[in-house]
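The next block holds one structure in the form of structure tokens; read it before the comments.
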Amino acid sequence: MKVKDAVKGLEEMYPLDLREEWDHPGLALGNLEGECKKICFALDPTIEVAKEAAEWGADLLVTHHPLFFRAVHLLPSTDPHGRAASILLRAGCALWVGHTNVDAAPRGTNEALCARLGLLEALPIESKGLVGGAPAGLGRVGELEHEMNLEEFAKMSLEELPKTVQGVKLAGDPKMRVKRVAVMSGAGDGFFEQALESEADVFLTSDLRHHPALDFMQRLEALGRKMGLVDVSHFSSESPWFDFALEDAEKKFEGRAQLRLLERNTDPWAEAFI
Ligand SMILES: [Zn+2]
């Protein structure tokens, strides 16, 4: 098949109109008419990931994070993104980015996170309607099959999610009962209010900063509301998506392309000391 066939398939799985307004997923680099026999997947289009894709002879690299988060005017190879782009282009490897459209899509990052945590009947926190009859939207809220306490839930999350050096942190009463769980893959501190409204016992997300987390815990106290927060690494919250992505791409492309997950851990931290 051609790159355009792969892009069409990916955009049927993860429609671009599910994206957030500020986001620009889709084909970032490459030739739609190019041959596409090898497709690899990674979370971030880093220089090392680009090299690995090029060495494998990939025709298309699929990443969750964009090469650029904002408009650029210069793309020299001294810039990391410019360097990654030139490695991919020289190798004839296209780049397709599935970002907030993948967060919202059925079997995207949020649903994959729910699957790892064993959440049942999870529905989007912020609905974007249906895609192929399945609910789409950001975040998910669902129920654990068996109630547990917050500490047990945090430890279970550590066990079930891809490992990074950050581990898992919790805020709230470690002994409080947890049954209903809200999740937001990626950086979720802009979704505290929606998590609160979802009536979850705990909100699991990543990249929680001091002030938003502290303010939220204080707000819960002022409201007389018991709720826990679980902070996992950004990488841990989004990488479970590859469980679904490779399985679904295999079905979609029916052997027309060889698929591979580049297993490079692109979490930026190398060590943590506590
Ligand atoms: Zn992310």
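The values are calculated or read from the model by the stated rules, or taken from the named source; none is laboratory data. Predicted model, so just to flag it, every value in this text is computed and none were measured. Glycine gets a Cβ as well: all are built from the backbone with ideal geometry, and neighbour counts include every protein chain shown.
For this structure, a couple of remarks:
- Against the criterion of being more than 13 Å from the chain's Cα centre (by Cα) and part of a loop (DSSP other than H, G, I, E, B), residue 73 qualifies.
- Picking from residues in region 12-60 that are charged (D, E, K, R) and free of Cβ contacts under 8 Å to residues at least 40 places away in the same chain, the one that is nearest to residue 106 (Cα to Cα) is 21.
- Residues of region 225-253 classified as part of a loop (DSSP other than H, G, I, E, B) and under 20 Å from residue 106 (Cα atoms), total: 2
- Lone unmet requirement of (1) within 16 Å of the ligand (Cβ to nearest atom); (2) assigned to a loop (DSSP other than H, G, I, E, B) for residue 49: (2)
- Taken together, 220, 259, 196 contain a single residue that is surrounded by 14 or more Cβ atoms within 10 Å (Cβ to Cβ) and over 24 Å from residue 172 (Cα atoms), which is 259.
- Tabulated pairs, region 237-248, first in contact (Cβ under 8 Å) with a residue 24 or more places away in the chain, second within 10 Å of the ligand (Cβ to nearest atom) and part of a helix (DSSP H, G or I), C-beta under 6 angstrom, 6+ apart or interchain: 238/109; 241/109
- For region 134-148, the condition of being assigned to a loop (DSSP other than H, G, I, E, B) and surrounded by fewer than 21 Cβ atoms within 10 Å (Cβ to Cβ) holds for none of the residues.
- Residue in region 232-255 that is among the aliphatic types (A, V, I, L, M), over 30 Å from residue 4 (Cα atoms) and either more than 16 Å from the ligand (Cβ to nearest atom) or outside the structural domain of residue 118 (by TED's automatic domain parsing) (or both) present: no
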